[in-house]
């Protein structure tokens, strides 16, 4: 890789990425950059050779980092400069590194409804913007006002809701935009009532999802007219161990659209399990399961 620009933040070479992901698997980043703030990131991108690939990694809750690691620079927006949350009237502004669940809690404190569903999404605002994250009948597009980010060249871009072209788990915004901040609009409500709904969502999630396992959230998008968990379950993959190169991976007994690393799985085990299930479900039902989990990097 070519020489990297100087930066005020942390710039680490050949850094293991597994510890940054919920699955706890994957190889190293050629370089991991944790910028000091948005200006630091913009300056770094402007000076970085355009030929060097750039990948953004949030809290690693919905990603498989392949065993061969990730080429180029992996950017992680961590710490206070990227995780701030402020409220003003009926709007909430949150940094791209803020946890979705913390934004939901802030909405309750401010007495704003509409963002409760974020309590059920184990990711960050940056990821929510990228994929129109949602659950329990609500989506990011329902509450988003605007967002801004940086292009691969380090230039600022501003997006209104309509600019995203949101559909189910998809945005038309260029994939290389690194989101920095988003503004949402809630509906004034009683803080205790909002908090109660968040508590209900949190409890439901704890009872129905394997959140204490090494998992990656929902594996597949729901195909039109179908539930992914039911297709996986009916194909016989709930709790069935699949091994490619390591100790094996499986779909959770608790929720059959959640893959888990029960111990010593490799990224190849986890991604191989997903691909095997997709092929089996398609052969048995004719239904195509599309990945919701992002897969990045080189094969081992």
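The values are calculated or read from the model by the stated rules, or taken from the named source; none is laboratory data. As the structure is a prediction and not an experimental result, all values here were calculated from the model. Every residue, glycine as well, gets a Cβ built from its backbone with ideal geometry; the counts of neighbours run over all protein chains shown.
Within the stretch 196-207, is there a residue that is closer than 22 Å to residue 21 by Cα and touching a residue at least 40 places away in the same chain (Cβ under 8 Å)? Within the stretch 196-207, one or more residues are closer than 22 Å to residue 21 by Cα and touching a residue at least 40 places away in the same chain (Cβ under 8 Å).
When 100, 39, 67 are checked against the criterion of being surrounded by fewer than 20 Cβ atoms within 10 Å (Cβ to Cβ) and at pLDDT 95 or above, 39 stands alone in meeting it.
Please go through the stretch 44-76 and give me each residue that is in a strand (DSSP E or B) and within 27 Å of residue 121 (Cβ to Cβ), ordered by number.
Filtering the stretch 44-76 for residues in a strand (DSSP E or B) gives 54-56, 63-65, 70-75.
Within the stretch 44-76, 54, 55, 56, 63, 64, 65, 70, 73, 74, 75 meet the criteria.
Name every residue in the stretch 46-63 that is out of contact with any strand residue (DSSP E or B) (no Cβ under 6 Å at 6 or more places or on another chain) and either farther than 17 Å from residue 294 by Cα or surrounded by fewer than 16 Cβ atoms within 10 Å (Cβ to Cβ) (or both), in order of residue number.
Our first condition is that a residue be out of contact with any strand residue (DSSP E or B) (no Cβ under 6 Å at 6 or more places or on another chain); within the stretch 46-63, this holds for 46-51, 60.
Hits for the stretch 46-63 are 46, 47, 48, 49, 50, 51.
Condition first: out of contact with any strand residue (DSSP E or B) (no Cβ under 6 Å at 6 or more places or on another chain) and over 16 Å from residue 112 (Cα atoms). Now tell me which residues in the stretch 172-200 satisfy that.
Kept after step one, since they are out of contact with any strand residue (DSSP E or B) (no Cβ under 6 Å at 6 or more places or on another chain), are these residues of the stretch 172-200: 172-176, 188, 190-193, 195-200.
172, 173, 174, 175, 176, 200 - these are the residues of the stretch 172-200 that are out of contact with any strand residue (DSSP E or B) (no Cβ under 6 Å at 6 or more places or on another chain) and over 16 Å from residue 112 (Cα atoms).
Regarding residue 157, is this residue part of a strand (DSSP E or B) and surrounded by fewer than 18 Cβ atoms within 10 Å (Cβ to Cβ)? The answer is yes for residue 157.
When you check residue 74 against the structure, is it at pLDDT below 95 and in contact with a strand residue (DSSP E or B) (Cβ under 7 Å, 6 or more places away or on another chain), yes or no? Can you show your working first?
Values: at pLDDT below 95: no; in contact with a strand residue (DSSP E or B) (Cβ under 7 Å, 6 or more places away or on another chain): yes.
No, not satisfied.
For residue 180, are the conditions met, namely being closer than 19 Å to residue 134 by Cβ and either under 20 Å from the mean Cα position of the chain (by Cα) or not in a helix (DSSP H, G or I) (or both)?
Details: closer than 19 Å to residue 134 by Cβ: no; either under 20 Å from the mean Cα position of the chain (by Cα) or not in a helix (DSSP H, G or I) (or both): yes.
The answer is no for residue 180.
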